[in-house]
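Novice: Here it is: the structure, laid out below.
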Amino acid sequence: MRLVLVGPPGAGKGTQAAQMAKRLDVPHISTGDLFRANLKGETELGLEAKRYMDAGNLVPDEVTVAMVRDRLGDADTSTGFILDGFPRTTSQAESLAQILKDKGLALDAVVEFEVDDEVVVQRLLGRGRSDDNEDVIRNRQQVYRDETSPLLRYYSDRLVKVDAVGDVDEITERVFTALDNRGS
Ligand code: ADP
């Protein structure tokens, strides 16, 4: 199964991606986690990404796409993957389509996590990551509305919507039910 998860910051994509990856036995690929690992390791990529992440802005597509292309070249993705936080722009989605096409592959579905802005601000402030202060969160929400939400139209033929408010396990069940009911 090749899936993309889309949703505003704080929608719980990372939590759901981890559960789904375990159940589907495919890798969970989070661009946010990849950037944070690079930051921690003080790689050139990490240093480049830092100023964008600190401000809640998107890391330039060129850098992000190269990192994902690289990751999708790893053998563990041969049975599928769950992409969490990528693509985040229509241009990234076009790059992803090309990367997959070159391998003769395509996405099976795109899962959209639906949640209200005010609910997520409270969740994120409780999480305490360094880019989780209110101004940066509000900027990430604005970036989501401006740059990421157009993706939902781009993926309209494969979009599966899930209500992301509720108990973690319950939401996971909603995701799998929605995936099972796809196209019916
Ligand atoms: P959240 O979903 O809470 O915003 P992430 O961990 O997914 O958190 O992302 C944190 C930061 O990493 C983003 O604000 C952005 O700077 C950077 N980032 C992650 N994914 C991408 C992407 N696909 N394109 C550009 N920047 C990204």
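Novice: Running a GNM on the chain with Cα contacts under 10 Å, which residue among 119, 143, 65 ends up with the highest mean-square fluctuation?
Specialist: 119
Novice: Tell me the chymotrypsin sites (Phe, Trp or Tyr not before Pro) within the stretch 1-94 that lie in a loop according to DSSP and have at most 16 other beta-carbon atoms within 10 Å. Working shown, then result.
Specialist: Details: sites: 35, 52, 81; in loops: none.
Answer in residue order: no site qualifies.
Novice: Regarding the stretch 97-147, what whole-number volume in Å³ per residue does the convex hull of its Cα atoms give?
Specialist: Working: hull volume 6.1 nm³, N = 51.
Per-residue hull volume (Cα only) is 120 Å³.
Novice: Tell me what the chain gives for mean residue ellipticity at 222 nm when only DSSP H runs of n ≥ 4 count, each as -39,500 (n - 2.57), the sum divided by the residue total, rounded to 500 deg cm²/dmol.
Specialist: Details: 9 runs with 97 residues, N = 184.
Result for the chain, helices only: -16000 deg cm²/dmol.
Novice: Report the local net charge at residue 163: Lys and Arg +1, Asp and Glu -1, summed over other residues whose C-beta lies under 13 Å from its C-beta. Mind dumping the intermediate values first?
Specialist: Numbers: positive: 161, 174; negative: 112, 114, 116, 167, 170, 173.
Combined, the nearby Lys, Arg, Asp and Glu give -4.
Novice: May I pose another question? What is the gain in length, in nm to one decimal, between residue 62 and residue 76 on full extension, counting 0.36 nm per residue of separation less the C-alpha to C-alpha distance? Before the final figure, lay out each step's value.
Specialist: Working: separation 14, 0.36 × 14 = 5.04 nm, distance 2.36 nm.
Net length gain for the segment: 2.7 nm.
Novice: Here's another thing I want to ask about it. For residue 106, what charge total do you get from the other residues with a beta carbon under 10 Å from its beta carbon, if Lys and Arg give +1 and Asp and Glu give -1? Write out the running numbers ahead of the final one.
Specialist: Details: positive: 2, 101, 103, 158; negative: 108.
Net charge in that neighbourhood comes out at +3.
Novice: Would you mind pulling out the separation of the Cα centroids of the stretch 10-85 and the stretch 101-139, in Å?
Specialist: Using only Cα atoms, the two centres lie 12 Å from each other.
Novice: Listed here are the pairs 50/103; 40/101; 13/50; 101/161; 50/101; 50/161; which of them are more than 28 Å apart at the Cα? Please report the intermediate quantities before stating the final value.
Specialist: Working: 50/103 31 Å; 40/101 33 Å; 13/50 21 Å; 101/161 25 Å; 50/101 31 Å; 50/161 31 Å.
Violating the 28 Å limit, Cα to Cα: 50/103; 40/101; 50/101; 50/161.
Novice: Determine Rg/Rh for the stretch 2-182; Rg is computed over alpha-carbon atoms and Rh is the Kirkwood hydrodynamic estimate from the same atoms. Before the final figure, lay out the partial values.
Specialist: On the way: Rg = 15.5 Å, Rh = 16.6 Å.
Rounded to two decimals, Rg/Rh equals 0.93.
Novice: Would you mind telling me the share, in percent, of accessible area of the stretch 2-182 contributed by carbon and sulfur at probe 1.4 angstrom? Numbers along the way, then the final one.
Specialist: Numbers: 4210 of 9020 Å².
Of the solvent-accessible surface of the stretch 2-182, carbon and sulfur hold 47 percent.
Novice: Given a Förster radius of 25 Å and the C-beta distance between residue 129 and residue 161 as r, what FRET efficiency does 1/(1 + (r/R0)^6) yield to the nearest 0.05?
Specialist: Numbers: r = 26 Å, r/R0 = 1.06.
Computed FRET efficiency for residue 129 and residue 161 comes out at 0.40.
Novice: With every protein chain left in place, what is the accessible area per residue of the chain in square angstrom, probe 1.4 Å? Don't skip to the answer; put the middle values down first.
Specialist: Numbers: 9310 Å² over 184 residues.
That works out to 51 Å² per residue.
The values are calculated or read from the model by the stated rules, or taken from the named source; none is laboratory data. None of the values given here were measured: they were computed from a predicted structure. Methodologically, a virtual Cβ is constructed for each residue, glycine included, from the backbone with ideal geometry; neighbour enumeration extends over all protein chains shown. Ligands, DNA and RNA are stripped out before the accessible areas are found, and what is left, the full protein with its side chains, is counted by its heavy atoms. Shrake-Rupley method; radii C 1.70, N 1.55, O 1.52, S 1.80 Å.
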